[in-house]
1. Quickly run through region 4-23 and pick out the residues that are hydrophobic (A, V, I, L, M, F, W, C) and in contact with a strand residue (DSSP E or B) (Cβ under 6 Å, 6 or more places away or on another chain).
2. Among F133, F127, F101, which is the only one that is open to solvent by less than 30 Å² (accessible area, probe 1.4 Å) and in contact with an Asp or Glu (Cβ under 7 Å, 6 or more places away or on another chain)?
3. Would you tally the residues in region 88-116 being under 13 Å from R71 (Cα atoms), of a type outside the set (V, I, T) and part of a loop (DSSP other than H, G, I, E, B)?
4. Assuming S141 fulfils every condition listed in (1) part of a loop (DSSP other than H, G, I, E, B); (2) touching a residue at least 24 places away in the same chain (Cβ under 8 Å) apart from one, which condition is it?
5. If you scan region 107-117, which residues turn out to be touching a Ser or Thr at 6+ places or on another chain (Cβ under 8 Å) and open to solvent by 10 Å² or more (accessible area, probe 1.4 Å)?
6. Which residues, taken from region 97-117, are under 11 Å from the mean Cα position of the chain (by Cα) and at pLDDT 95 or above?
7. Can you list residue pairs whose Cβ atoms sit under 9 Å apart, with the first residue in region 159-171 being open to solvent by less than 30 Å² (accessible area, probe 1.4 Å) and the second being of a type in the set (S, T, N, Q) and modelled with pLDDT of 85 or more? Count only pairs 6 or more apart in sequence or on different chains.
8. For G38, which of the numbered conditions (1) open to solvent by 30 Å² or more (accessible area, probe 1.4 Å); (2) on the phi < 0 side of the Ramachandran plot; (3) of a type outside the set (K, R); (4) within 15 Å of the chain's Cα centre (by Cα) fails to hold?
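The values are calculated or read from the model by the stated rules, or taken from the named source; none is laboratory data. All figures in this text were calculated on a predicted structure; none of them were measured in a lab. Note that each Cβ is placed from the backbone with ideal geometry, even for glycine, and that neighbours are counted across all protein chains shown. Just so you know, the surface numbers come from the protein's heavy atoms only, side chains and all, with ligands and any DNA or RNA stripped out. Shrake-Rupley method; radii C 1.70, N 1.55, O 1.52, S 1.80 Å.
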Amino acid sequence: MIVGVIADTKELLSSAQLSELQDVFKGVDAILHAGPVGDVRVVDQLKKIAPTEAVCGNAESQEIRLELYVRAVWRSRGLKIGLIHGYGEPHSLMAWMLKQFEKDPVDVIVYGNNFEPKAQRMGNTYFFNPGSFSGRLPEGSRGTGPSRVGLLFINGKKVEGQSLRFNSSKV
């Protein structure tokens, strides 16, 4: 199973962005959006590519907060994937996210906070952040960087994440 992962879209996707996403996410079984979406219609755009689950980010409008949850648990083939934007300082972010799923432990946590691409196992949980679609750099960095999306490769309980540069000329 392959899952497309995106975070930090911030606004409706242009036709060029959507076309390129269709190429990058071609054949994925699902898409997870770790917020902020910026516009709830982004979820509908992504659903044209594959079934999509999304959560709101920390800077969303009230309209989006009424439409999307802050966190979700997505189940697929016996694997539980927690989806959350994440909040807080980078040094304590992973511990904070684990606490958010304490009552319903997950195998994987997909998140978007701090815009830093990450694919790391901590204990029994695999953490994946695709990086920022809008090109924001990790906290403490200045300027903008490459736009990024990600892919999660799931084979049974084995999970591997890959962050990909997105053609920044179209973002």
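1. V5, I6
2. One residue alone meets the criteria, F133.
3. Qualifying residue count for the region: 8.
4. For S141, the failing item is (2).
5. Within region 107-117, D107, F115, P117 qualify.
6. Within region 97-117, I109, V110, Y111 meet the criteria.
7. From residues that are open to solvent by less than 30 Å² (accessible area, probe 1.4 Å), the pairs are G161/Q120; G161/N129; F166/Q17; F166/S147.
8. The number of the failed condition is (2).
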